[in-house]
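Student: Handing you a structure now.
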Amino acid sequence: MFSRIVFWCLLPIAAVQGLALRKKALRLAPPPGNTFGLFGQRRQNQFSKALKVLALGDSIIAGIGATGQEQSLAAQFALALAEASRQQVSWKAMGNSGADSFDLLCRLEQLRNEAPPNIVLISIGVNDVTALHGSKSWRVNLNSLCEQLGALWPEAVIVFCGLPPMGKFPLPPQPLRFCLGLRAAYLDQIAAELIDNYAGMLHIPTLIDPAEHDFCPDGFHPSDSAYTGWGQEMAKIVLNLYPKCSGA
């Protein structure tokens, strides 16, 4: 309760800083390369198709900050799955910079003809934080996302990336950085509790820390090495919790 009071007290200053930051912030384009691919080799005497990963969401899924699409989170997650499970993993990334939870919800209708994936990787929420969307709308949108994703691909494992610790991002000044951190943590807590109610869905906390992981030049997105470590950590968690994804 105290943190929320502090947030609203600091908000007027943070809002002014946010507007100024939007005007001068470095805007990066998505990296070059295909937003789909295939990693790994088919096992001997293995006739099943490759494990399919579909990544949906915001600029993280678009690969902003990576030097190429194969260095993006979606690709590195698929690569880590392929190496750990020793099977073929295909991946496809459909990310849009600036997308929030409502944007992703609207896009799901366009995916009804998409080949059913085995794993859906979701990154969403940062733009809900920066746009100061209310916790009620976040909860409603996220609940609808879970319901519609479950209806679209009932056999898939749905993996939600937790909101990053925005209070540690190098770009925003104080107190804007502090406010973003509080808001991101609050929305992420809602997400973790809500997603836990759905079978086959998983919320994985995002632990990227600028003190330990490199960020790209815009000070707001991970670098190649951060994406690689992030993808490896998530692949390990998914394979431990869902052995069927390893072909076991």
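Student: Mind checking which pairs have a first residue in region 114-131 that is of a type in the set (D, E) and a second that is in a strand (DSSP E or B) and modelled with pLDDT of 95 or more, Cβ under 7 Å, 6 or more apart or different chains?
Tutor: Sorted first by the residue in region 114-131, then by its partner, the pairs are E114/L54.
Student: Specify which of the listed residues (F178, F160) is in contact with a Gly (Cβ under 9 Å, 6 or more places away or on another chain) and either part of a loop (DSSP other than H, G, I, E, B) or within 21 Å of A62 (Cα to Cα) (or both).
Tutor: Testing whether each residue is in contact with a Gly (Cβ under 9 Å, 6 or more places away or on another chain) and either part of a loop (DSSP other than H, G, I, E, B) or within 21 Å of A62 (Cα to Cα) (or both) leaves just F160.
Student: Continuing with this model, one more query. What are the residues in region 118-137 that are within 15 Å of D58 (Cβ to Cβ) and either assigned to a loop (DSSP other than H, G, I, E, B) or of a type in the set (S, T, N, Q) (or both), if any?
Tutor: Selection gives S123, I124, G125, N127, T130, A131, H133.
Student: Moving on. Given (1) more than 14 Å from the chain's Cα centre (by Cα); (2) open to solvent by 30 Å² or more (accessible area, probe 1.4 Å); (3) more than 15 Å from L54 (Cα to Cα), identify the lone condition not met by W138.
Tutor: For W138, the failing item is (2).
Student: Looking at (1) closer than 23 Å to C216 by Cα; (2) of a type outside the set (V, I, T); (3) open to solvent by less than 20 Å² (accessible area, probe 1.4 Å), find the lone condition where F36 falls short.
Tutor: For F36, the exception is condition (3).
Student: Can L26 be described as under 19 Å from the mean Cα position of the chain (by Cα) and either at pLDDT 60 or above or assigned to a strand (DSSP E or B) (or both)?
Tutor: Considered against the rule, which asks whether it is under 19 Å from the mean Cα position of the chain (by Cα) and either at pLDDT 60 or above or assigned to a strand (DSSP E or B) (or both), L26 comes out as no.
Student: Would you check if P217 is in contact (Cβ under 8 Å) with a residue 40 or more places away in the chain, in a loop (DSSP other than H, G, I, E, B) and buried (at least 19 other Cβ atoms within 10 Å of the Cβ)?
Tutor: The answer is no for P217.
Student: May I pose another question? Among the residues of region 177-185, is there at least one that is buried (at least 22 other Cβ atoms within 10 Å of the Cβ) and basic (K, R)?
Tutor: There is at least one residue in region 177-185 that is buried (at least 22 other Cβ atoms within 10 Å of the Cβ) and basic (K, R).
Student: So, one more: Determine which single condition A192 fails, assuming it passes every other condition in (1) touching a His at 6+ places or on another chain (Cβ under 8 Å); (2) within 19 Å of L108 (Cα to Cα); (3) open to solvent by 20 Å² or more (accessible area, probe 1.4 Å); (4) of a type in the set (A, V, I, L, M, F, W, C).
Tutor: (2)
Student: Is region 173-181 home to any residue that is aliphatic (A, V, I, L, M) and under 28 Å from L81 (Cβ atoms)?
Tutor: No, region 173-181 contains no residue that is aliphatic (A, V, I, L, M) and under 28 Å from L81 (Cβ atoms).
Student: Another one. How many residues, within region 221-241, are under 15 Å from H203 (Cβ atoms) and surrounded by 16 or more Cβ atoms within 10 Å (Cβ to Cβ)?
Tutor: 4
Student: If I filter region 53-74 down to residues being touching a residue at least 40 places away in the same chain (Cβ under 8 Å) and part of a helix (DSSP H, G or I), which single residue comes out as most open to solvent (accessible area, probe 1.4 Å)?
Tutor: Selected residue: Q71.
Student: Got a sec? Which of A99, A115 is open to solvent by less than 30 Å² (accessible area, probe 1.4 Å), part of a loop (DSSP other than H, G, I, E, B) and small (G, A, S)?
Tutor: A99
Student: Do we find that P205 is surrounded by fewer than 22 Cβ atoms within 10 Å (Cβ to Cβ) and farther than 17 Å from W138 by Cα in this structure?
Tutor: Judged against the criteria, P205 is a match.
The values are calculated or read from the model by the stated rules, or taken from the named source; none is laboratory data. Bear in mind the structure is a predicted one, so any value in this text is a computation, not a measurement. Reconstructed Cβ throughout: ideal geometry from the backbone, glycine too, with neighbour counts over all protein chains shown. With ligands, DNA and RNA removed, areas are computed over all heavy atoms of the protein, side chains included. Shrake-Rupley method; radii C 1.70, N 1.55, O 1.52, S 1.80 Å.
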